[in-house]
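Worksheet for the structure shown next.
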Amino acid sequence: MPKWGMVIDLDKCTGCQACSMACRVENNVSFAGPEQAEIGRAMFWQEVLDTEMHGHYPFLETQFVPRPCMHCEHPPCVKVCPVGATFQTEDGLVAMDYELCIGCRMCTIACPYAVRYFNWLAPRFPTPLEQALNPDVPVRPRGVVEKCTFCIHRLRAAQDRAEKEGRTLRDAEMVNLPACNQVCPAAARYFGDLEDPESTVSRLARSPRAFALLEELGTEPKVHYLTGE
Amino acid sequence: MRHISRRTFLKLAAVSATAAALYESSGSILHALNLIDRATPPDDAVWVPSVCQLCPAECGLRVRVVGGLAVKIEGNLLNPNNQGRTCPKGQVGLQLLYNPDRLQAPLKRVGQRGEGRWQAISWNEAIEAVAARLRDVRLAGTAERTAFLYDRPPGLLGETIARFCRAMGTPNAIDARPDVRSQALFLTQGWDSQPGYDLDRTRYLLSFNFALLESAQPTVRLLRAYSFIRRGRPGDRGRIVQIEPRLSVTGIKADEWVPIRPGTEGALALGLAWVILRERLYDREFVDEHCHGFEEWSKAVLEDYSPAYVAALTSVPEETIKRLAREFAGMSPAVAVGGEAIDQQTNGLASQMAIHSLNALVGSIDVPGGVVMQRPPPLTPWPDVFMDDVTTQGLSQPRLDGPEHYRLARSAPHRLPEAIASGDLYPLEALLLYRANPLHDAPDPEAWRSALDKVPLIVSFDPFIEETSAYADYILPDHTFLERWIAAPLQPSLGYPVLAVGQPVVEPLYDTRAFGDVLIQLARQVGGGPGVSFPWSDYVKVLRFRVGGLVDSSRGSIRAATADEFWRELAARGVWFDSPYVFAGGEEGNPEAWEAVLTTPSGKFEFTPQAFDQREISATPPYYESPRYAGTEGEYPFHMQLYTLMAQATGPGAANLPHLHELYGLHVKRTWGNWVEINPETAHELGIANRDAVWVESPVGKIRLPARLYEGTQAETVNIPAGLGHTLGGQWAAGIGANPEHLVDRRRVDELSGLVARQGVRVKVYKAEVGD
Amino acid sequence: MAQDEETLLLSPLTRTSRGFGIFIALLVAVVLVGAAIYGYQWANGLSVTGMNRPVYMGIYIVNFVFFIGLAHSGTFISAILRLVGADWRKPLARAAEAITVFSVPFGAGSILIDLGRLDRMFNIFVHGRFESPLLWDVVSVSLYLLSSIAFFYLSLLPDIARCRDRLIDVPRWQHQMYRVLSLGWKDHPEQYRRLEKVLAAMAVFMSMLVIIVHTVVSWVFGMTVQPGWHTAILGPFFLVGAVFSGSGAVVVTMAVLRRIFHLEDVLTLKHFDYMRKLLIALTLVWLYFMVAEYLTTFYGQEVEEMLVFWQKFTGTYAIPFWVMFTLCFAVPLAIFLTRGKRSIGWMVAAGLIINVGMWLERYIVVVPTLTRPRLLSELTMGNYTPTWVEGVITAACFAGLLLLYALFTRFFPIIPIWERSEEVEAYLHEMEE
């Protein structure tokens, strides 16, 4: 059984935020608008965080850290969902069932990485922007929680295709499978099977530069980072 | 030539071979990567190649179309410019195509100009109305009284506009955004285009205000190059030094940020040159064989630009100057790059020459990892324009913008308002606008408004109503880029020629027309000479005609027996390129290529350009002067620096893309608007807290912005992102942010290049009162 | 109990004074406005509140915790004190229990108001997962509500029978109501014996439930790994806080009832003094928990914990925090040690102040942690400004509680009669021998 994971090279990342944008377009996440964004309701399944600037002028340092959902192996969000609207698949993805979600938002407060978003409003796609919606991804209604899915729709389609052709998925076709990886101008992101020791993500995750966020919490995130120099 | 050890070179060569292999024929890319159809699920979707127009980089795209609707944009894997990737702007092209505020039909003004009342008319009516007026101007024997103002026209449209103007008999094809680096390259090497940089093989990038990771072109190529410099060559992590007045994203990701007084980058370059010359670190072979004027120039530099003196000019410490010089000369290949912001000071051209001279000093001209000459694709040249009497007469007239007032300018758009308003040269009868919005983008909107009032006919071809097109009499709206054909010769900084081609991805949404087609229809409707000059019935035929040159060359990534077959392949792949680049220098270089690389009168790199003598420009090496700022230090204590964020697209409708507004400033937490960055200690002295509303006032205007206390700001500089502050342009453009262009004083100009010193403005900053 | 005492206790049930009528009308108005505003929220979603990312929970959840906490006072007085044989509690028991019975629905209601998809509420029952603290909440609070209602009703039963028998001059429907609700109570010793047994057993059960319910409520927060929440002391801390605020409310209730129903002889200064001593103990225990929690945090200096710590002590939430501390500790203790000894008025003031302070305390628990999530950056740091919608709905919840309470006192004796009657006491005495 594969376990899907991601590696992001912080040395290569240029903080351009193409990943955040590609994710939005691929997954039908709408913009919040100035008033809603001002009060903290902009939704970025994939978000580029910046660390606090430290150092003495002019030797100032900060890092850009692209942050999708960690798809933790021990997800705190899945534990607390009262109805199982968020659950862990066999292949390690933390997925959502938008039909079950009652919008209690326990998962959002349980996630230490703050990767979950709630639909305070029904998403707005002012005509004719709704024509650009991706037919492979559902549009979520008001009142439910959503988050990065590692582009599960692309993953399942790729798996289906491979199955039809009677073969397994190749590492080369997985590396740039999610929209964020595919777009990254710096080619700083990798996706693949962490259970396959020869896959790109496995090899990179073994690198001495590799680390994960909030490792000490024991969530075992499946997104690994490679340090900046 | 530098003496690189065999070992080092082999290491470089092995890596560059891999890199080159990746860039080589598209066939092997398809085979090796095999990702086109694998990365996304196949379904009833169709993938159509296009070319992004949200910034001048013109990345190759593939657009996923399902049921006739465009639903996702990806990069074109075959295009070496962006190698299958896009920046965040590219992703949002769908929001431009399906934008609620797009114009849906040709419009004719009703009521007064600027009232905002329009009547939709048919295309026949629109074209005839405009053509009739243009015809009248010609028939009166005053063909020159038409002007075409354009701003970063995509693909071959710039050349098409130039041809249109020539055919019409007007010299006034005016580029609203002239370029200075091509002037620097012209003077030193004889090449009239922007230099390219072989960054993938660079080991030391000395960046002078070059926005590598923000707005420098070509966007995605540079982001990839950065990534490659860091991790693409295992064990050989290149070094990047960012010399810049503010700590930008590039500065953050660089190995070192060197704060510098704005406008003094050229002096710093000369200070580095001083050390390189004094310590004899320069590439003697290159200097001896391929340089002209070295003695004169180096003598002048050694006399005047000692590190101590330069330190005082630039505020860069003396030790840093010496260290950077030694690093630059010691690590090879090293390249010095000057950014666009340097152009925009009164000493812009001289500064760029000084910076480029550093490359010559260390022998980084046309070697792997150094400067490359960007070869254009060998398109079929335009046939001569038909010259009848009217055309000949018109073309003999002087240009309205009077670029000859500056030594090397080809375009001086900032002089237009006065020229038009006064009518001293001749009155302007018709002004055509393509993607140009001077009322927003240029300084002194009042002068522009007075000028526009004087012009009897104003026509815009933009698909959105923005500040300037609101003054038009007719609007003939263009398609968005996803609805039309584009052929774009690229300057991807790879050296070898690349032509990106895009086709309509969806049926046009509205009753708009491709600008290229409209130009042709106008020319033919005007009739006479202009009609003859445009024998092609539509723009695609123009493109196919010009692409013929590629077919004939029998070179590059597409070979075909017939022109039809070639065009089909080209349209399907979305790109043609002819790699690899053949360097003139370096161990594997072809010395015969020097002739093409150095096309100055002397056939050498000219430290002291002979073009100056040829044009009777008296200038003393090394040509650098201190910058002249607008505003005195006493009254206006801060330098204002304007910059462009990665999330800032260009062109009509670019400010009306809500996704980009929501990204906007990553290094300061601010979206849906811009801000002014102030050094925290300075802000404290002024009693300004983070997020306070402040006034930023220059000698010619003032704007109100929220302050952001940002540590990466020099004490005497304030930095403002430019591009927002629209009053029109759509529901997500109007009212968002403030426009700093109106603080620029257009009387401060680089006398050599003719460019307004947009970065040379001094301002004062003070807290806004509650009632303001 | 003397005959006139009984008459006194039953007299409010026979008429509605003008003042009372106006009071009810006002409460109804507020509740209706609240319902209308909830309709507005239903139509427009939770966007009408001030919640955002990362502050995903706000005043509604604060209200939830507060109302459940308030409810515990009743159970504490009626169940726990019953177990330890504190007879002085008897006159207060029903008044306190009424707080419980009418408070819990608003606690549960606050959670429902906070749901993004209330229309899918039954998913909790169909698809419920017991790994989730929210399910524990649902189960325990439901159990608590049901058993409180049962306990309350059973304790009330003999007095309903008394009303049925003694109150002749009331409207027909009211008499009918007593008849139906009295379930044929015949005032037999045997019935009293059985009732006493059931109540004693339920008292044990309810006491356990009090501890479980509020601990489980705290675990909605405590079971996450967010700084400021993931602390073992959270359960006991919430529990003590609940009993504390509830006891303050009991004091206020006592004083109000005493004044309105002229119960000066039934609820004497002695009773207030018992409550005073209880409250002193609770104030000090609350202080103990506060010190234990914050001193430990401060000493450890863990980065993420300290960010939340400073948010409370000196940051955005400094004012509510220190006001809370004053209102929960400093002022009440001062009152209890001085004026409160002799003045019921001051005790009432203290009771009210404690409740305001405790509401703030819930706010301080919920919101500052959310503004500083563990993975912190400029982008994930948050703040929260509640909107008028949340304010109106909160006011309506309080008005609803008061309304139900007031209506109850209009139709049922708020001070238990049967427990204090001599005959019953005699029966029970006999049983014990």
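Values in this text are rule-based calculations from the coordinates and carry no lab data. Worth saying up front: this structure is predicted, and the values here are computed from it rather than measured. Cβ atoms come from the backbone with ideal geometry, glycine included; neighbour counts cover every protein chain shown.
Between residue C:5 and residue C:154, 0.36 nm times their residue separation minus their Cα-Cα distance comes to what?
51.4 nm
With +1 on each Lys and Arg Cβ and -1 on each Asp and Glu Cβ, and nothing else charged, work out how big the dipole of chain B is about its Cα centre, in Debye to the nearest 20.
Around 1460 debye, computed over chain B.
Using +1 on the beta carbon of Lys and Arg, -1 on that of Asp and Glu, and nothing else charged, what's the dipole of region B:140-235 about the Cα centre, debye to 20?
480 debye
Show which lysines lie in cross-link reach of residue C:277 when reach means a straight Cα distance below 19 angstrom and same-chain residues fewer than eight apart are skipped.
Answer for residue C:277, where 19 Å is the Cα cut-off: C:90, C:341, listed by chain and number.
Calculate the translational D of region B:88-192 in whole µm² s⁻¹ from Stokes-Einstein, where the hydrodynamic radius comes from the Kirkwood formula applied to all Cα pairs, the temperature is 4 °C and the viscosity 1.567 mPa s.
75 µm²/s
Among B:63, B:158, B:739, whose Cα sits farthest toward the positive end of the charge dipole of chain B (+1 at Cβ of Lys/Arg, -1 at Cβ of Asp/Glu, about the Cα centre)?
Sorting the options by dipole projection puts first B:63.
With only Lys, Arg, Asp and Glu charged, each at its Cβ (+1 for the first two, -1 for the last two), find how big the charge dipole of region B:365-511 is about the Cα centre; round to the nearest 20 debye.
600 debye
Taking just the alpha carbons, could you work out the radius of gyration and Dmax for region A:1-90, both in angstroms?
16.7, 52
Quick one: give the max-minus-min coordinate of the C-alpha atoms of chain C along each principal axis, largest first, in Å.
Principal-axis extents of chain C (Cα, largest first): 70, 49, 42 Å.
Please state, rounded to one decimal and in Å, the Kirkwood hydrodynamic radius that region C:29-185 gives when every pair of distinct Cα atoms enters the mean of 1/r.
18.4 Å
Please compute the length gained on full extension between residue B:727 and residue B:541, using 0.36 nm multiplied by the number of residues separating them and subtracting their Cα-Cα distance.
63.1 nm
Give me the inter-chain shielding for B:637-647: mean count of other chain Cβ atoms within 10 Å, whole number please.
Averaged over the peptide's residues, the number is 1.
Can you tell me the FRET efficiency between residue B:422 and residue B:628 if r is taken as the Cβ-Cβ distance and R0 is 22 Å, rounded to the nearest 0.05?
0.30
Just to be sure I follow: if Rg is taken over the C-alpha atoms of region B:136-190 and Rh is the Kirkwood radius over the same atoms, what is Rg/Rh?
That ratio is 1.11, to two decimals.
Take the Cα atoms of chain A, find their three principal axes, and give me the spread along each one in whole Å, biggest first.
58, 45, 37
Which loop-located trypsin sites (Lys or Arg not before Pro) does region C:140-240 contain, where loop means any DSSP state but H, G, I, E or B and the Cβ has at most 12 other Cβ atoms within 10 Å?
C:186
To make sure I understand the rule: partners must be lysines, Cα under 18 Å from the Cα of residue A:147, and not fewer than 8 residues away in the same chain. Which ones qualify?
A:79, A:222
Once the Cα gyration tensor of region A:82-197 is diagonalised, what are the square roots of 5 times its eigenvalues, in whole Å and ordered largest first, as equivalent ellipsoid semi-axes?
Over the Cα atoms of region A:82-197, the semi-axes work out to 27, 19, 15 Å.
Within chain B, how many lysine pairs that are 8 or more places apart, or on different chains, have C-alpha atoms less than 26 Å apart?
14
May I ask you to list the GluC sites (Glu not before Pro) in region B:44-141 that are in a DSSP loop and have at most 12 other Cβ atoms within 10 Å of their Cβ?
Hits after loop and neighbour filter: B:115.
Give me the three principal axis extents of the protein assembly as shown from the C-alpha atoms, as integers in angstrom, largest value leading.
Over the protein assembly as shown, Cα extents along the principal axes are 127, 76, 70 Å.
Let me know the whole percent of all Cα-Cα pairs from region B:638-767 that are separated by more than 22 Å.
36 percent
Measuring from centroid to centroid over Cα atoms, what is the spacing of region C:12-36 and region C:300-315 in Å?
45 Å
Give, in whole angstrom and from largest to smallest, the semi-axes √(5λ) of the equivalent ellipsoid of chain B, with λ running over the eigenvalues of the Cα gyration tensor.
Result for chain B: semi-axes of 38, 33, 27 Å.
Relative to the first principal axis of the alpha-carbon coordinates of chain C, what is the inclination of helix C:303-313, with its axis defined by its Cα atoms, in degrees from 0 to 90 and to the nearest 10?
Result, in degrees: 60.
Quick one: if the Förster radius is 41 Å, what FRET efficiency do residue C:196 and residue A:99 give, using the C-beta to C-beta distance and rounding to 0.05?
It comes to 0.20.
Calculate, for residue C:175 and residue A:215, the FRET efficiency according to 1/(1 + (r/R0)^6) with r their C-beta to C-beta distance and R0 60 Å; round to the nearest 0.05.
Between residue C:175 and residue A:215 the formula returns 0.25.
Using only the alpha carbon atoms of region B:438-591, find the Kirkwood hydrodynamic radius as the inverse mean reciprocal pair distance, in angstroms to one decimal.
Hydrodynamic radius (Kirkwood, Cα pairs) of region B:438-591 is 18.8 Å.
Taking the Cα centre of region B:583-706 as the origin and placing charges on Cβ (Lys, Arg +1; Asp, Glu -1), which of B:583, B:690, B:647 is farthest toward the positive end of the dipole?
Of the candidates, B:690 comes out farthest on the positive side.
Using Cβ counts within 10 Å as a stand-in for footprinting exposure, how do A:1, C:208, C:254 rank, fewest first?
Least to most surrounded, the residues fall as A:1, C:208, C:254.
Taking Cα centroids, how far is region A:165-190 from region B:477-527 in Å?
Their Cα centres are 32 Å away from one another.
Please return the longest stretch of chain C lacking exposed loop sites, where chymotrypsin sites (Phe, Trp or Tyr not before Pro) count only if DSSP places them in a loop and at most 16 other Cβ atoms lie within 10 Å.
In chain C, the maximal stretch lacking such sites is C:131-433.
Toward the positive end of the charge dipole of region A:1-98, about the Cα centre and with charges on Cβ (Lys, Arg +1; Asp, Glu -1), which of A:5, A:33, A:74 goes farthest?
A:74
For region A:102-189, which trypsin sites (Lys or Arg not before Pro) are both in a DSSP coil and crowded by at most 11 other Cβ atoms within 10 Å?
For trypsin sites (Lys or Arg not before Pro) across region A:102-189 that sit outside H, G, I, E and B with at most 11 neighbouring Cβ atoms in 10 Å, the list reads A:167.
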